[in-house]
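Working notes, beginning with the structure itself.
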Amino acid sequence: MAAAPLRDDQRIILHFDYDCFYASVFEAEQPILKTLPLAVQQKQIVVTCNYEARRRGLRKLQLIKEAKQVCPDVVIVLGEDLTKFRDASKDLYLFLRGFVWGERVEKLGFDEIFMDVTDMITYNAGLLNSNDLANSFFHLDKQDPTVGFAFDATTVYGPTYPVESEATLSEADSHLYLKLRLASHLAGYLRGQLEDQKGYTATVGISTSKLLAKVVGSVHKPNSQTTLLPPYGSAKGHESNVLSFLDSREIRAIPGIGSKLSRKLISYVTTSNQSVDEDKVTVRDVRLTPGVGPSLLEKILGGPGAPRDIGMRFWRLLHGVDNTQVGEARDTPTQISIENSYGYLNDFEAVRKEMLSLSASLIRRMRMDLTKSHSDPEGSASQGPELRERTGVRWLARPRTLRLSTIPRPTPGSDVTQTRSYSRISHSAPLPQYVFNLDESVDALAERLVQEAAIPMFRKLHRERTGWNLRVLNLAVTNMAEAAGDGKHNSGRDISKMFQRQETEHKYISSAHISAGQNTSVPQSSPTVASEASWESDGEEENMPCVPCTICGAMIPHFALLAHKLYHSSSKNY
Ligand code: DCP
Ligand code: MG
Ligand code: MG
């Protein structure tokens with residue numbers, strides 16, 4: 001008997017997060033480190049540590065001093081130069097992408113990947129023999145039926161949320177359950193490949209949207225996976241697992257608002273309900289706070305710098321509504337940014353030198369990530385410069401914009417509360433074409449770029465001759481023009497921008513630790529270069545057509561209306 005037809009509007013999404021990523025990069029180089037407590041140092045903090053170190057009481061973002069007290073035999077490695085992390089990240093991305101059909105594989109930061117595996121799952125569900133589900137075969141290649149792996153389609157692979165589901169499923173949820181079972185086996189297989197072939201472990205979430213896959217993935221860490229079980233819809237006699245799962249999460253765990261906005265929300269919730277513990281405010285606490293809805297959330301979260309429609313967007317996230325697509329696979333990043341932070345940076349010559357070193361790294365990175373040699377379809381990353389010259393190299397994408405950003409420290413005497421929230425200021429200009437000249441040396445190009453572009457930009461940002469007391473200098477190229485024939489567009493816009501924003505805030509948290517651990521009057525810290533290539537979409541948000549909800553009047557994108565109504569029907573349960 002053929003399997004029942006599947007609904008084709010529901011996506012199946014996997015979210016990968018590598019375990020202790022930076023530490024794993026060192027472990028992959030030197031496997032002996034796997035057995036030792038290992039911490040990666042940036043400035044004065046442990047930016048991450050392996051799980052052996054965590055077993056011994058170390059934490060991410062701990063001060064180095066503290067870590068040494070907690071675990072005197074901790075092995076500390078320096079992780080300020082991000083080159084190797086970026087290279088590993090790109091390599092693992094290309095590796096995992098190689099298994100997935102279609103182009104919907106999106107990288108978020110260095111250590112996360114979303115993949116839309118709907119096509120693979122639908123195809124495999126269609127081939128199942130319902131009389132012998134326990135002896136199924138997962139096909140990884142439509143052309144070659146021998147490529148794949150055997151699995152038991154009667155069970156979910158790995159842990160689930162909830163641990164057991166006793167609900168009797170509707171027909172739609174039974175189909176979904178089958179697809180999720182298949183996806184759980186695919187996730188297990190990919191994790192195995194990642195570990196066997198690359199030496200990395202990851203934690204995976206399996207569900208129907210980026211939001212749910214990401215949040216459920218964090219339930220079992222490390223080296224594990226979690227499938228969010230149906231029922232996804234609410235009906236008589238059972239509650240939606242989506243809602244009960246999200247309700248039990250802390251509000252901070254919901255991607256889409258960073259730490260600053262979640263603090264605002266937490267403070268609002270705890271002020272209106274004193275019995276809520278401010279360290280454990282859950283999605284449920286927020287949803288049940290009187291008056292909370294899209295417009296109140298907009299009032300709490302909106303304001304300068306907040307994403308458009310944040311109230312409505314966040315309201316949807318709180319109910320598990322996220323229809324953003326996984327962005328299309330890219331061969332080139334959407335921007336490349338290089339930055340360094342300083343204990344003290346106040347004289348012009350020092351700034352010029354720093355910009356020189358940032359520019360050289362930036363140009364080197366552009367050559368690495370944005371060019372391809374004629375003979376090398378995977379890009380030129382693995383080749384030395386000499387070989388590149390000989391084989392002939394061309395630019396896959398040319399950034400159009402150069403951006404200089406700085407974070408000045410507030411002047412002494414300014415409001416104390418502001419000293420915690422340094423803000424970034426930036427200036428952009430067209431990127432001069434000469435930087436694309438591959439015959440010129442990196443250092444010569446960097447010198448010219450600083451002299452002719454970066455210094456004039458710096459003067460526009462900081463009109464005073466001195467006294468800026470800079471904490472961060474960042475030089476980036478953005479606004480990529482892809483070369484004809486290589487066009488791959490990214491469209492998981494809406495939420496990926498919000499996810500991205502949260503990532504950026506993470507960086508600030510770590511920087512705040514850095515300044516807390518340093519005497520700010522010490523001379524400039526050792527200038528090691530941190531950099532980041534972003535592969536996420538940075539385009540403008542699409543304008544989606546909305547319709548008013550007949551119950552609450554909120555404007556909802558038409559495709560989300562069903563989920564929104566579901567919220568109304570389920571909210572009676574609370
Ligand atoms: N990172 C950073 N600054 C931060 C947070 C993270 O530089 N404030 C870096 C170091 C991490 C990497 O990003 O290795 C990925 O971040 P995760 O939060 O995913 O942390 P890990 O992968 O290290 O650990 P986990 O096993 O908890 O995912
Ligand atoms: Mg990680
Ligand atoms: Mg991560």
Are there chymotrypsin sites (Phe, Trp or Tyr not before Pro) in the stretch 179-255 that DSSP marks as loop and that have at most 13 other Cβ atoms within 10 Å, and which are they?
none
List the pairs from LYS142/LYS179; LYS90/LYS460; LYS43/LYS210 whose alpha-carbon separation is above 26 Å, in the order I gave them.
LYS90/LYS460; LYS43/LYS210
With all protein chains in place and a 1.4 Å probe, SER174 shows an accessible area in Å² (nearest 10) of 50
Answer rounded, prolate or oblate for the stretch 116-264, using the Cα gyration tensor with square roots of eigenvalues a ≥ b ≥ c: rounded when a/c is under 1.5, else prolate when a/b is larger than b/c, else oblate.
oblate
Provide the per-residue ³J(HN,Hα) series for the stretch 164-181, in order, calculated from phi with Karplus coefficients 6.51, -1.76, 1.60 and θ = phi - 60°, each as a whole number of Hz, with x at glycine and proline positions.
9, 10, 9, 5, 7, 8, 5, 4, 4, 5, 5, 5, 4, 4, 4, 4, 5, 4
With the dipole of the stretch 158-286 defined by +1 on each Lys or Arg Cβ and -1 on each Asp or Glu Cβ, the option from VAL286, THR168, ILE257 whose Cα lies farthest towards the positive pole is ILE257
May I ask for the distance between the Cα centers of the stretch 295-370 and the stretch 419-458, given as a whole number of Å?
18
Sequence-distant residues sharing a close amide H with GLY148 (under 5 Å, placed H)
LEU140
FRET efficiency for ASP152 and ASP279, Cβ-Cβ distance as r, R0 = 41 Å, nearest 0.05?
0.50
Measuring from label point to label point, each 7 Å out along Cα→Cβ, what is the GLU103 to HIS374 span in nm?
2.6
Using a basic spin-label model with each label point 7 Å from the Cα along Cα→Cβ, how many nm lie between ASP119 and GLU250?
3.9
State to the nearest 20 debye the size of the charge dipole of the stretch 231-343 about its Cα centre, where the only charges are +1 on K and R beta carbons and -1 on D and E beta carbons.
260
Decide, for the stretch 174-328, between rounded, prolate and oblate: order the square roots of the alpha carbon gyration tensor eigenvalues as a ≥ b ≥ c, take rounded if a/c falls under 1.5, and otherwise choose prolate if a/b is larger than b/c, else oblate.
prolate
In square angstrom, rounded to the nearest 10, how much accessible surface does LEU63 have for a 1.4 Å probe?
60
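The values are calculated or read from the model by the stated rules, or taken from the named source; none is laboratory data. Predicted, not measured: the structure shown is a model, and the values here were computed from it. Virtual Cβ from ideal backbone geometry, glycine too; neighbours counted across all protein chains shown. Quick note on the areas: whole protein, heavy atoms, side chains included, nothing else; ligands and nucleic acids left out. Shrake-Rupley method; radii C 1.70, N 1.55, O 1.52, S 1.80 Å.
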